[in-house]
Amino acid sequence: MSGGVDSSVAAYLIKEAGYEAIGITMQVFDHSGDTKHRFGSCCGISDYDDARMVAEKLDIPFYLLDFEKPFHDLVIENFVQEYKKGRTPIPCVHCNTHVKFRQLYNKAKELGASWVATGHYAKLEKSSDDRFHLKKALDLNKDQSYFLFGLNQEQLSHTLFPLGNLTKPEVRDIARKLSLRTAEKDESVGICFVPDKDYAKFVEKKLPDVKNTKGEIVTTDGRVITQHQGIHNFTVGQRHGLGIATGSPLYVISIDPETNRVVVGNETEVLFTGLTAQDLNWLVDPSTIPEGELSCRVRYRAADINCNIESMDSSKLKITFSKPHRAVTPGQAVVFYYKDECVGGGWIESGHFS
Amino acid sequence: MYLTTWNYYMNPIYLDYNATTPLDQVVLDGMLPFLKDGFGNPSSVHWAGRRARNALLKARESVAILFSVDSSEILFTSSGTESINLAIKGSFWANPTKRHFITTAVEHPATLEVHNWLAEQGCEVTYLSVDKSGALDLWELENSIRGDTNLISIMFSNHETGVIFPINEVCEIATRKGVTLHCDATQAVGKIGINLNYLPVDLLSLSAHKFYGPKGVGALFVRYGTNLKPLIHGGGQEKKRRGGTEPLPQIIGLGIAADVATIYQSENEDKLRELQIQLESKLEAINGVIVIGKESRRVPNTTMITINDVASESLLLNLDLQGIAVSSGAACSSGKIGPSAVLIAMGYSKEDASHALRISYGKFTTEEEIDRFVKVFCEVVGRLKKHSNFMEDLRVDFKSNNPEFIPRHSEALSRAEESPRDRGTNV
């Protein structure tokens with residue numbers, strides 16, 4: 001229970017379905033340094049109180065549990081290291097795969113619980129061969145299956161997503177009917193442990209040696225345009241904040257941590273035809289998916305596009321898109337879908353141009 | 001409207017008397033009139049004030065009688081924490097040139113935090129160490145005293161382990177060396193007899209809600225002749241030592257709780273001792289359980305244990321789900337459950353300190369409740385120990401978690417025509 005309306009309603013639905021529910025809020029970040037009251041950032045001190053009060057309203061036990069160390073070691077560490085390597089991470093995937101559905105599940109088992117339920121918008125179905133299938137939520141605008149691709153069958157077998165068949169307006173409606181204080185609460189946006197969205201500043205605070213690591217911004221043909229203050233300030237596809245005033249807009253095409261260079265190009269140069277991904281997790285055997293029907297998403301908010309697997313071995317995967325895609329960013333996840341089912345995903349190594 | 005009733009606890013059992021106690025019925029009955037008709041301000045000259053003032057006098061006398069001292073030596077505060085703050089800061093301000101303070105490493109956070117504050121003011125603080133049985137080194141105390149020692153602040157009994165400090169001997173040393181002595185008796189009042197006629201303690205703090213009185217009121221005993229500056233300035237109440245209109249309902253509650261303690265203290269002590277013996281013999285029979293401070297003199301209502309292989313947090317939560325309220329010894333207002341600070345100060349490892357449980361009982365605790373606690377405790381421990389044997393390795397492997405789905409390229413191509421499997425029913 002994060003203190004948001006989604007997890008509040010999820011808790012209610014679980015209880016209504018007859019499960020014995022225990023509300024847990026995970027404290028993943030130490031807020032003792034916060035002097036301002038934060039709203040909409042998820043998991044601030046007042047959010048814990050909201051979760052607590054919703055639990056009271058629903059008449060379920062509630063515990064605030066300390067997950068700071070696992071969260072730091074498994075999510076935050078990875079986050080800053082990725083930026084150092086010139087990649088753009090998605091910590092939410094690691095949080096789900098390693099903290100929410102592993103560490104939290106272990107805690108749940110200690111309390112005698114059999115499932116972990118969350119307010120994620122995703123659907124879970126079990127087929128006749130006892131395999132679990134992760135599918136997109138009914139509310140495609142809110143669908144969060146993208147962040148759940150890292151879960152394995154064992155994890156899915158003790159997970160419940162009560163909001164899979166509801167739209168966000170319906171969820172708010174339920175919250176209103178129950179007079180839950182979180183009914184009108186704003187959505188939390190962005191990464192929960194960097195509420196002011198200044199990711200570069202956060203990385204600098206954690207890794208002070210990254211600050212002011214000057215390097216060059218160059219064009220695709222090697223021409224140096226200007227200097228930058230550190231590659232962690234950039235992400236592929238970025239247009240603003242380059243500190244360059246030119247005639248046509250320039251976009252970040254790639255970032256090289258070895259030479260500490262940022263390569264920029266114009267609009268056509270930031271189109272990619274494919275990518276290489278690694279550390280894949282498959283929920284469904286990809287060879288069973290009919291030719292031409294595999295689609296992928298390279299960003300949470302990107303559209304699904306058809307793709308084809310060029311080559312695949314135990315560690316890497318190469319795919320090509322059916323049409324060029326803008327801004328394929330190393331460090332982001334590429335998640336594969338077959339119709340509405342999430343079949344797996346991996347981490348983008350690099351985008352290709354051909 | 002404000003009080004929740006839970007339906008998921010069948011028969012809740014409360015075994016956390018050291019955190020706080022329920023009100024005695026006579027205390028509640030005595031307080032109510034002052035929440036209604038007896039609303040007057042004790043400082044007023046008229047009939048409403050007089051009535052209030054007289055009640056205040058009686059309550060003060062009740063507390064004085066509990067300790068065999070004079071009424072004028074009892075000062076009312078808002079809490080044990082305020083009394084501690086007043087005793088220490090008041091001594092500091094009264095003698096600002098004496099900037100050395102002595103206390104122990106196992107004091108309540110209130111005492112420790114005030115000493116942190118003293119250090120920020122440029123004072124020097126000596127923290128006396130305590131060994132694993134909870135014993136204080138009196139030599140260390142004697143040798144720590146200097147010419148500029150302002151105050152010695154040592155608790156009567158420990159809030160986590162229940163161990164009683166040798167206050168007689170401490171008094172002897174303090175008197176001989178001429179240093180003011182403050183005792184935080186919050187966890188001892190109502191559990192053991194304290195006669196300040198025989199014990200030359202200069203300052204003693206206590207809190208009403210630890211012995212069946214209400215929250216929001218405490219007291220500080222200030223021996224006649226002890227120099228103390230006020231913490232809270234105001235309308236001259238408490239002989240100009242603590243400003244603020246006296247909260248009569250709470251103070252009356254404290255007074256009545258003191259009366260009850262005076263009359264029933266030794267009877268209660270006997271009953272609690274029996275419960276302690278019963279509980280501890282059963283707990284010690286469990287493999288891996290140790291009772292902390294067993295060899296020392298302890299208050300009769302506290303049992304602190306450490307248990308192998310099972311974390312405090314898991315114990316607390318599982319016991320709570322069965323309706324049993326206990327503590328791990330370290331209470332933090334943010335709600336996080338950490339290792340016991342007192343056990344760490346006593347020299348126990350962080351692991352042991354994270355495997356601790358404090359069970360504290362009171363005059364409403366029955367033998368049946370103790371029996372049921374032990375039964376549930378055994379069940380929980382048995383389940384958790386079995387579970388810990390199968391805990392996953394917490395080291396994370398970021399690579400793929402199901403390699404069986406990575407066939408060779410040629411196989412993948414040849415199976416491309418296969419139709420998808422049947423999507424079944426909802427979970």
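The values are calculated or read from the model by the stated rules, or taken from the named source; none is laboratory data. Keep in mind it's a predicted model, so treat the numbers as computed, not measured. Methodologically, a virtual Cβ is constructed for each residue, glycine included, from the backbone with ideal geometry; neighbour enumeration extends over all protein chains shown.
For region B:99-108, does any single residue satisfy the condition of being surrounded by fewer than 21 Cβ atoms within 10 Å (Cβ to Cβ) and either of a type in the set (D, E, K, R) or more than 25 Å from the chain's Cα centre (by Cα) (or both)? Yes; the residues of region B:99-108 include at least one that is surrounded by fewer than 21 Cβ atoms within 10 Å (Cβ to Cβ) and either of a type in the set (D, E, K, R) or more than 25 Å from the chain's Cα centre (by Cα) (or both). Residues of region A:47-103 being more than 13 Å from every other protein chain (Cβ to nearest Cβ) and in contact with a His (Cβ under 7 Å, 6 or more places away or on another chain), which ones? Passing the criteria: A:Tyr83, A:Lys84.
When region A:295-318 is limited to residues that are facing another protein chain (nearest Cβ under 10 Å) and hydrophobic (A, V, I, L, M, F, W, C), the one that is nearest to A:Asp340 (Cα to Cα) turns out to be A:Ile309.
Restricting to region A:104-121, count the residues that are assigned to a loop (DSSP other than H, G, I, E, B) and at the interface with another protein chain (Cβ under 8 Å from one of its Cβ atoms). The total comes to 2. Counting just the residues of region B:293-308 that are touching an Asp or Glu at 6+ places or on another chain (Cβ under 8 Å) and in a loop (DSSP other than H, G, I, E, B), which one comes out farthest from B:Gly162 (Cα to Cα)? Within region B:293-308, the match that is farthest from B:Gly162 (Cα to Cα) is B:Lys294. Only residues that are farther than 30 Å from A:Leu64 by Cβ and in contact with a helix residue (DSSP H, G or I) (Cβ under 8 Å, 6 or more places away or on another chain): list them for region A:96-132, please. A:Arg131 - this is the single residue of region A:96-132 that is farther than 30 Å from A:Leu64 by Cβ and in contact with a helix residue (DSSP H, G or I) (Cβ under 8 Å, 6 or more places away or on another chain).
Taking helices (runs of 4 or more DSSP H) as the structural unit, those lying wholly within region A:148-232 and holding at least 3 residues that are within 14 Å of chain B (Cβ to nearest Cβ) and under 26 Å from the mean Cα position of the chain (by Cα) correspond to A:153-157. Kindly check whether there is at least one residue in region B:363-384 that is buried (at least 22 other Cβ atoms within 10 Å of the Cβ), at pLDDT 95 or above and not in a helix (DSSP H, G or I). No, there is no match, as no residue in region B:363-384 is buried (at least 22 other Cβ atoms within 10 Å of the Cβ), at pLDDT 95 or above and not in a helix (DSSP H, G or I).
Of the candidates A:Lys135, A:Lys126, the single residue that is of a type in the set (Lys, Arg), under 23 Å from A:Ser8 (Cα atoms), within 9 Å of chain B (Cβ to nearest Cβ) and touching a strand residue (DSSP E or B) at 6+ places or on another chain (Cβ under 8 Å) is A:Lys135.
The set of residues in region B:71-103 being among the polar types (S, T, N, Q) and either in contact with a Ser or Thr (Cβ under 6 Å, 6 or more places away or on another chain) or touching a residue at least 60 places away in the same chain (Cβ under 8 Å) (or both) consists of B:Ser72, B:Thr77, B:Ser78, B:Ser79, B:Thr81, B:Ser83, B:Asn85, B:Ser91, B:Asn95, B:Thr103. A single entry from A:Lys136, A:Lys142 fulfils the requirement of being at pLDDT 95 or above and under 19 Å from the mean Cα position of the chain (by Cα): A:Lys136.
Every listed requirement among (1) among the aliphatic types (A, V, I, L, M); (2) out of contact with any Gly (no Cβ under 7 Å at 6 or more places or on another chain); (3) in a helix (DSSP H, G or I) is met by B:Met31 save one, (2). Could we say that B:Glu280 is without any contact (Cβ under 8 Å) to a residue 60 or more places away in the chain, more than 14 Å from chain A (Cβ to nearest Cβ) and assigned to a helix (DSSP H, G or I) here? Criteria met by B:Glu280. Regarding region B:295-314, can at least one residue be identified that is surrounded by fewer than 16 Cβ atoms within 10 Å (Cβ to Cβ), in contact with a Lys or Arg (Cβ under 9 Å, 6 or more places away or on another chain), in contact (Cβ under 8 Å) with a residue 12 or more places away in the chain and away from chain A (no Cβ under 14 Å)? Yes, there is a match, as at least one residue in region B:295-314 is surrounded by fewer than 16 Cβ atoms within 10 Å (Cβ to Cβ), in contact with a Lys or Arg (Cβ under 9 Å, 6 or more places away or on another chain), in contact (Cβ under 8 Å) with a residue 12 or more places away in the chain and away from chain A (no Cβ under 14 Å). Taking the criterion of being within 13 Å of chain B (Cβ to nearest Cβ) and in contact with a Leu (Cβ under 9 Å, 6 or more places away or on another chain), the residues of region A:321-339 that qualify are A:Phe336, A:Tyr337, A:Tyr338. Checked against the criterion of being surrounded by 18 or more Cβ atoms within 10 Å (Cβ to Cβ) and either among the basic types (Lys, Arg) or farther than 18 Å from B:Ala208 by Cα (or both), the candidates B:Gly80, B:Gly90 yield just one match: B:Gly90.
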